[in-house]
Structures are given as structure tokens and as C-alpha cells.
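Novice: My questions all concern the structure below.
The values are calculated or read from the model by the stated rules, or taken from the named source; none is laboratory data. These numbers were taken from a predicted model, which means no experiment stands behind them. Note that each Cβ is placed from the backbone with ideal geometry, even for glycine, and that neighbours are counted across all protein chains shown. Just so you know, the surface numbers come from the protein's heavy atoms only, side chains and all, with ligands and any DNA or RNA stripped out. Shrake-Rupley method; radii C 1.70, N 1.55, O 1.52, S 1.80 Å.
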Amino acid sequence: MARYRSRPHTTVILAMSADGKIADARRSPARFSSQRDRFHLEQQIAAADATLFGAGTLRAYGTTLSVTSAKLLHQRLQNQQRSQPIQILASASASLDPQWRFFRQPVPRWLIASAAGAKFWQGRSEFERVIVGEQGAGGAGEEKGATTNYRLPTPDSRLPTINWRFALEQLFSLGIKRLAVLGGGELVAAMLAVDLIDEMWLTVCPLLLGGTNAPSPVAGMGFPENLAPRLELLSAQVEAQEVFLHYRLQRSP
């Protein structure tokens, strides 16, 4: 059960190599998982009201994954959901290229950005909704006195950051009850740092990518061992050469 009730239930879904990398050192688009894993990802997306991903993930792929299975589309229709989940792009700076193919996909698009980053996109057609999630930006509904269990340092403290508790509270108020988090590692780390992840699906794929600079599911500066988030294994399933791991974040009563 989520500790903060006024936010969506969040599930991270990622595929990684056997040595824990979600892409190679060049940060190329990850194409190493099987067709079975891609359908698993589509199932998780179809069960959500919205997906959330960072700008780095979008830059790598250029597009987002939409629901294509007729069965899953029918299920969404029966559940009185949109045919496609809302695709929420998170970028504090919102330094994005309107020419990306993502902006031509027939999916609903929202943006979470800092106050400065949101200015360019407000009133434009690319996003249905632009949400200002900047920490300390002010405005109705902002969480007062929000603290983190362990704040991850940023390269430059002057850069705007997103207050993730505030941002997710806004999503919840707009009807987003289930949120699929698709990466990258910086986004996952930032949400873990403020205890906003509920579940994780990790698919372990049979290859070794290596590379000191290759990204992992959780990036940033990392957590001290005594403050590291702990996981409870809910299931482990082997299919062909892949292992599908389902975890729940442990929380104290």
C-alpha cells in the first residue's frame, strides 16, 4: 500500500542486461529484449492510466510505445479508459525538439517541467497539458515543507528541479491513479529518493553490456547502504532465456 494516498500507484518497468545495464555505454536504444518482453511491457502500459519517462529516454528512441494489441485495446475500452494511456514526458528544462516523431504519434501527451521550462510549451499544440512541477515554484496545491529521505546531489544546484511529490499529487488530482514509469535511471533514482516508487518489474536479458558509463536502472549518486531502498520479491518467472522479476518496495508500517 502506498504511503502517500494522494498520488498514483507507480510501477517501474525496465529490461536490463545480466550485468544490470539498461543500455550500452553509447546509450544506444536498447533493442536486446525479446518479443515476449516487449509484449510484457505493452501489458503493463495498457494497465496504466499514464506512462512517465524522462527526456533522455525519449531522445534515445524518438518515439514512445503505444498499445497495439487488439485484446489490450479492448480491455482499456471495457475499463472506460482512453484507447491510449497518457504519455507524460518529464524534463525540468523542457529542452525538446518539436520535430521528434513522438510529437506526431497519435497519443495524448503531457509535460512535467520547471516553471521556466514550461513557458515555451504552454499554449502550443504538442502537449495537451503542461504541468509545472518545479520545487518551490509556488502555486495552489504545492506541498509545503517537503523533505527527502536522502537527496541526490545535482551537478549544479542552480538548475531547476522537479518536486516529485508535488508533481504526482497534481497527476492524481487529474485522474491518474496508475502510473507506469519507463526510465531512465535518473528519473527512477529521483523518485526512489523521495519514496515514490511502489513496484518494479525488471526483465533480466542474456547478454553482458559492461561499460563504466553504461546506464543502470537506478542512476544518480546512489544510496548509502543503510538508506538503500529495500525490495520484496513477489515473483520470478523464467521464459526462454529471460527472467521476469517482480518486486514491491518495502515500507515500514
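Novice: Kindly indicate which of Thr68, Thr51, Thr10, Thr64 is closer than 26 Å to Ile162 by Cβ and open to solvent by 10 Å² or more (accessible area, probe 1.4 Å).
Specialist: Answer to the check: Thr64.
Novice: So, one more: For the subset of region 192-210 comprising residues that are farther than 23 Å from Ser235 by Cα and out of contact with any Lys or Arg (no Cβ under 7 Å at 6 or more places or on another chain), which member is most open to solvent (accessible area, probe 1.4 Å)?
Specialist: So, considering only residues that are farther than 23 Å from Ser235 by Cα and out of contact with any Lys or Arg (no Cβ under 7 Å at 6 or more places or on another chain), the one most open to solvent (accessible area, probe 1.4 Å) is Leu208.
Novice: For Leu227, state whether it is modelled with pLDDT of 95 or more and surrounded by fewer than 18 Cβ atoms within 10 Å (Cβ to Cβ).
Specialist: When the stated conditions are applied, Leu227 does not pass them.
Novice: Inside region 206-242, can you point out the residues that are among the charged types (D, E, K, R) and in a strand (DSSP E or B)?
Specialist: Result: Glu232, Glu239, Glu242.
Novice: Another question, then. Here is a list: Leu202, Leu245. Which entry is outside any helix (DSSP H, G or I), in contact with a Pro (Cβ under 7 Å, 6 or more places away or on another chain) and under 15 Å from Leu14 (Cα atoms)?
Specialist: It is Leu202.
Novice: Restricting region 121-132 to residues that are in a strand (DSSP E or B) and open to solvent by 30 Å² or more (accessible area, probe 1.4 Å), which is farthest from Gln84 (Cα to Cα)?
Specialist: Filtering region 121-132 for residues that are in a strand (DSSP E or B) and open to solvent by 30 Å² or more (accessible area, probe 1.4 Å), the one farthest from Gln84 (Cα to Cα) comes out as Val132.
Novice: Go through (1) in a helix (DSSP H, G or I); (2) open to solvent by less than 20 Å² (accessible area, probe 1.4 Å) one by one and return the number of the condition Leu73 breaks.
Specialist: Checking Leu73 against (1) in a helix (DSSP H, G or I); (2) open to solvent by less than 20 Å² (accessible area, probe 1.4 Å), the one that fails is (2).
Novice: Is it the case that region 9-26 has a residue that's farther than 14 Å from Thr203 by Cβ, not hydrophobic (A, V, I, L, M, F, W, C) and not in a loop (DSSP other than H, G, I, E, B)?
Specialist: yes
Novice: On the given criteria, is Arg165 basic (Lys, Arg) and buried (at least 19 other Cβ atoms within 10 Å of the Cβ)?
Specialist: yes
Novice: While we're here: Name the single residue that is nearest to Phe102 (Cα to Cα) among those in region 12-40 being free of Cβ contacts under 8 Å to residues at least 40 places away in the same chain and of a type outside the set (D, E, K, R).
Specialist: Among them, the one singled out is Pro29.
Novice: Let me spell it out: the conditions are (1) more than 22 Å from Met191 (Cβ to Cβ); (2) in contact with a helix residue (DSSP H, G or I) (Cβ under 7 Å, 6 or more places away or on another chain); (3) open to solvent by 30 Å² or more (accessible area, probe 1.4 Å), and Arg27 meets all of them except one. Which number is the exception?
Specialist: In the conditions (1) more than 22 Å from Met191 (Cβ to Cβ); (2) in contact with a helix residue (DSSP H, G or I) (Cβ under 7 Å, 6 or more places away or on another chain); (3) open to solvent by 30 Å² or more (accessible area, probe 1.4 Å), Arg27 misses (1) alone.
Novice: While we're here: Scan (1) exposed (fewer than 15 other Cβ atoms within 10 Å of the Cβ); (2) at pLDDT below 95 for the single condition Gly56 breaks and write down its number.
Specialist: (1)
Novice: Quick one: which of Ala113, Ala118, Ala92 is more than 17 Å from Gly183 (Cα to Cα) and open to solvent by less than 30 Å² (accessible area, probe 1.4 Å)?
Specialist: Just one listed residue meets the conditions, Ala118.
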